[in-house]
1. Could you run the Karplus curve 6.51 cos²θ - 1.76 cosθ + 1.60 with θ = phi - 60° over segment 164-180 and give me ³J(HN,Hα) per residue in whole Hz, x for Gly and Pro?
2. Can you give the % of DSSP beta bridges in the chain that are antiparallel, to the nearest 5?
3. Going by C-beta contacts inside 10 Å, put Val59, Val87, Val129 in order with the fewest on the left.
4. Once fully extended, how much extra length lies between Asp132 and Phe97, figured as 0.36 nm per residue of separation less the alpha-carbon to alpha-carbon distance?
5. In deg cm²/dmol, rounded to 500, what helix-only [θ] at 222 nm does the chain give when every DSSP H run of at least 4 residues adds -39500 (n - 2.57) and the total is split over its residues?
6. Using Cβ counts within 10 Å as a stand-in for footprinting exposure, how do Ile79, Ile72 rank, fewest first?
7. Extension gain Arg86-Glu14, at 0.36 nm per residue separation less the Cα-Cα distance, in nm?
8. What percent of all Cα-Cα pairs in the chain falls in each 5 Å bin, counting up from 0?
Amino acid sequence: MTSLPEDPPPRISEADRDTAVQRLQEAYAEGHISHKEMDGLLHQALTVTTHGELVSTMVSLPAEKPATTSTIAAASGWIRRRGAWRVPRTLKVESAFGKVKLDLSRAVFEHPVVDIELQLPYGRARITVPRDAIVEIEDLRTEWKDPRYKPRRPTLPGGPRIRISGVMGYGRLKIRHARR
């Protein structure tokens, strides 16, 4: 009887690796591991190839902080965020008739991937992202006008990944990268 070959272990993605590096940096900043331990664990996290190896590297760290979700809602008027504000892991923006202006250029990103969910039936939105951000808008549904977004070429390494989803009715989404 011949045995079937086993499936190879799943390889890790760059997002998994980025999350592991961020967790190591947080553990070091909070005093849970020493500088020497962080160097060794960073080397392991950057060189392992499978998910199992990455999990065994991270097992000594404290439990991961739960993902945060915040909702900003208004019936009409402006929704604005700018300056140095903390961006949660998931940001829900809801406005029936208002305008949204999110400036993420000086925001503090605590997560390598941020999800922004827009629910704007009649409103419009303008989002300014950091220069090194990677923006994904494939999950955004628009009813009237397509979003305006010109990705930067080439993308700078190390920036946050911003995934924009949701529904825009009769408004338009404009996304631009910060100049500096």
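1. 9, 9, x, 9, 10, x, 10, x, 10, 9, 10, 10, 9, 8, 5, 6, 8
2. Bridges in the chain that DSSP calls antiparallel: roughly 0 percent.
3. Details: Val59 7, Val87 20, Val129 25.
Neighbour counts put them in this order, fewest first: Val59, Val87, Val129.
4. Stretched fully, the Asp132-Phe97 segment lengthens by 9.5 nm.
5. On the way: 3 runs with 37 residues, N = 180.
Counting only the DSSP helices, I get -6500 deg cm²/dmol.
6. On the way: Ile79 18, Ile72 14.
So the ranking, lowest neighbour count to highest, is Ile72, Ile79.
7. 23.6 nm
8. 2, 7, 14, 16, 16, 13, 10, 9, 6, 4, 2, 1, 0, 0, 0
Laboratory data are not the source of any read-out in this text; all were calculated from the coordinates shown. Every value quoted in this text rests on a predicted model; they were computed, and no experiment measured them. Cβ atoms come from the backbone with ideal geometry, glycine included; neighbour counts cover every protein chain shown.
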